[in-house]
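The values are calculated or read from the model by the stated rules, or taken from the named source; none is laboratory data. Small disclaimer: the values here were computed from a predicted structure and weren't measured. Ideal geometry is used to build each Cβ from the backbone, glycine not excepted, and the neighbour counts take in all protein chains shown. These area figures cover heavy atoms from the full protein model, side chains too; ligands, DNA and RNA do not enter into them. Shrake-Rupley method; radii C 1.70, N 1.55, O 1.52, S 1.80 Å.
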Amino acid sequence: MDNNILCSIALFNELYKSNANNVFTIIAEFIKAAISIDRMVSFTDVDIANKLDSLFNIKAPKSVIKHTLKHQFNGIITKKDGVYVVSSDFVNDDAINKQLEALKRSYNLIFDSLCDYISRIETRSIDTAEKDKIKEEFIDFVVNKECRTYQNIISAFIIQHKGEDAFVKALNDVSQGIVVFTGIQYSEAEELTQRGKWEDEITFFLDTEQLFNLGGLNDEYYHQISLDLIGVIREINHASGRNIIKLRYFPEAQREIDAFFGTAECIIEGKAQFNPSKIAMGNILNGCKDAFDIKAKKSQLYSDLKGMGVICDDSTTIKPMWNVGDQELLKKIEYELKRKHSEYDEDKVVAYFDIFSKINTLRNGNSQMPFEKVKYVFISANNLAHYIAKHESIKADNDTCYTAKIDFIISKLWFKLRKSFNGGCSPVSFDIIARSQAALASKYSESINQVYDDLCAKDLSKEAKIDIYNEIRAKGYVAAADITPDNLPEIISFINQPSIDDIQREKSIVNEKLTHLSAIEAQNAHLREEHHKTAQENIMVKNENVILRKENDAAKRRTLALLNKPIKDSIRKNACLRNILVHFIAIIVFSAVLYVIIRWLASPYDTLLSRIVSIITIGSYVWFVPKHVIKKRKRKIRLSAIKSFRGKIVKE
């Protein structure tokens, strides 16, 4: 299988969003492309229907094609004697084909990346035949069909790329586009022209799990899907001015709910054991201390359902003529399921016989009508329910099935209301990432349940069973929204090989690691203690060194104080001797100079008085100048001596 179907659906979705949700305009674009590719000049409605199917995988009813050819081409295509003729004004346009080729390259890259991912995760090569099988299941998963072999790894691959906007958009275009794609496939032209409103009364009966989903007891993903259904039904009822769509449940569902809460009371009282895979049971038990709290939660559930308009309908009695099951069919289904190695529960099969017999009775045995006209449908996600409802002994080729999945119902109503995917307000079931997370969360829960069942059946000591049970509870239920690229390896590993032996082996490994870590921690604690002691000792040594330095400084100061006095005395004495010697030499020098000057200046006319004044003036100069010079010299000598002595003391 190639990926043309993905390309066509994605392009259909893009055109749907850009053409105001007008499906006839989109069909016209694909008809133009088909005419351009084959250069058609004339054709019948069967011819063009076959071309749409072979080129674009579009399976549009003949009435839709006829309506489109009549109203969308404005005389460019005319009909004569049952044959459509293309006029010369028609302009060949290969824009659609170019867009499809670009999309094909994009999806080929995604598919190649998927195969590489599987090969890397499973450490093996993949041959051509297996690639074809992977591609087929990948397409089925993206368009929301059931796939078995590769569902887990495909879901993991999609979650691994959840942060890549282009990747997510490419897959969401298909996930959303399939709503319109299939909506056209199963709608006649008259129905498509009346899109935007819902006119037929219909009652949906919900199974037990759907009721738990509405009450928020299961995963948030399923709770949100249920709220999406409630939202679109309220919109339809509000537009019509009356409750033309109703939500009900049979007494069988009420009995199952009562029994489920009864089990919860036994668990809270210690009379039964909790199965960790049952998220609804876990949410019921959370916060409850006794059986009274359990009863209060049950009352709250029924109150919440009634507030949403969901009530029990016990007025239906099966008419024997509309009974869909008997002992012969029961044995046949048992044989078929066991041959496929599927779980067989006779009580459940009989219960579904009764439910479908009630639906058949309400329909008065007439199921050969369009979905909108059958008036009664049972909503369930249970695979056994769908297997029975679609069994060849129950459903004829043209019958509308007794049961449908909730995402199918939402898609039907969404398309019928002509709602858009723009604005980011589409139902969560159209989100490929959320759907992949929910698929893995469901598989993880199944693995937990399998291990729990194995534990109950295994011959182990009481202590070993308690130990393993606690390990299973520790793993717990993983909510869909909590599955991320970071925890994917652990989740996939557990899903692929869930067993008690693995849990015991894992626990043993964990215990060994804990023992090793404890030993390392003890060693680290000892090292920290030794380090602390060493640090304390270093602090003490440092303090002692500080004290010793202070004492040495004090001793040096005292020594300097004692030695400064003789130094000063010695300096003073030496300075005095130098002073006398300098003065003596200065007096002799200046006296000689004075004598020479006086002799040079002497004049026969000098009087005794003038000579005395000259001698006193010059003598004063001779006395004070040497004194100033000696004073400065004395200070330098003293400072030099002190500095030299202190240097010697420091070195010592």
Inset, instruction - Calculate, in nm to one decimal, what residue 311 and residue 383 gain on full extension: separation in residues at 0.36 nm each, minus their alpha carbon distance. - result: 23.5 nm
Inset, instruction - Net charge near residue 430: determine it from the other residues with C-beta under 12 Å of the C-beta of residue 430, scoring Lys and Arg +1 and Asp and Glu -1. - result: -2
Inset, instruction - Heads up, I need the accessible area for residue 339: 1.4 angstrom probe, whole protein in place, Å², nearest 10. - result: 140
Inset, instruction - Leaving ligands, DNA and RNA out of it, report the carbon-plus-sulfur percent of the accessible area of the range 278-376 at a 1.4 Å probe. - result: 50
Inset, instruction - Would you mind classifying the range 167-259 by shape? Square roots of the alpha carbon gyration tensor eigenvalues, ordered a ≥ b ≥ c; an a/c under 1.5 is rounded, otherwise it is prolate if a/b is larger than b/c and oblate if not. - result: oblate
Inset, instruction - Between the alpha-carbon centers of the range 369-383 and the range 253-293, tell me the distance in whole angstrom. - result: 31
Legend entry - Cβ-Cβ FRET estimate between residue 133 and residue 332, R0 fixed at 22 Å, reported to 0.05: 0.15
Inset, instruction - Mind checking the full-extension length gain between residue 536 and residue 95? Use 0.36 nm per residue of separation minus the Cα-Cα distance, one decimal, nm. - result: 150.5 nm
Legend entry - Three-way shape call for the range 21-94 based on the alpha-carbon gyration tensor, with the a/c threshold at 1.5: rounded
Legend entry - 3J(HN,Hα) from dihedral phi, the range 244-261, Karplus parametrisation 6.51/-1.76/1.60, rounded to Hz, x for glycine, proline: 7, 10, 10, 10, 9, 9, 7, x, 4, 5, 5, 5, 5, 5, 4, 5, 5, 5
Inset, instruction - Against the globular-protein guess of 2.2 N^0.38 Å, express the Cα radius of gyration of the range 305-345 as a ratio, rounded to two decimals. - result: 1.86
Legend entry - Volume per residue that the Cα convex hull of the range 81-159 spans, once the total is divided by residue count, Å³: 161
Inset, instruction - At 7 Å along the Cα-to-beta-carbon direction for both residue 74 and residue 244, put a label point, then send me their distance in nm to one decimal. - result: 3.4
Legend entry - Under 5 Å, built H, 5+ apart or other chain: amide partners of residue 245: 202
Inset, instruction - Any of 62/390; 32/98; 98/131 with alpha carbons more than 19 Å apart? Name them for me. - result: 62/390; 98/131
Legend entry - Calculated FRET efficiency for the pair residue 59/residue 466, C-beta based, R₀ 56 Å, to 0.05: 0.45
Legend entry - Rel. contact order, % - alpha carbon contacts under 8 angstrom, at least six apart, the range 320-419: 26
Inset, instruction - Give me the number: length gained by fully extending residue 121 to residue 547, i.e. 0.36 nm times residue separation minus the C-alpha to C-alpha distance, one decimal in nm. - result: 146.5 nm
Inset, instruction - Just grab the label-to-label distance for residue 299 and residue 85, each label 7 Å out from Cα along the Cβ direction, in nm (one decimal). - result: 8.0
Legend entry - trypsin sites (Lys or Arg not before Pro) within the range 90-171: DSSP coil, no more than 15 neighbouring Cβ in 10 Å: 124, 145, 148
Legend entry - Residues with amide H under 5 Å from that of residue 376, placed H, sequence gap 5 or more: 203
Legend entry - Anisotropy class of the range 337-429 from Cα gyration tensor, a/c 1.5 cut: oblate
Legend entry - At R0 = 45 Å, FRET efficiency that the Cβ-Cβ distance of residue 556 and residue 589 yields, to 0.05: 0.50
Inset, instruction - Could you check the simple spin-label distance between residue 398 and residue 39, using points 7 Å along Cα→Cβ, in nm with one decimal? - result: 4.2
Inset, instruction - Measure out, as a whole number of angstrom, how far apart the alpha-carbon centroids of the range 166-182 and the range 297-316 sit. - result: 35
Legend entry - Equivalent ellipsoid, the range 77-125 (semi-axes from 5 times Cα gyration tensor eigenvalues, Å): 46, 13, 5
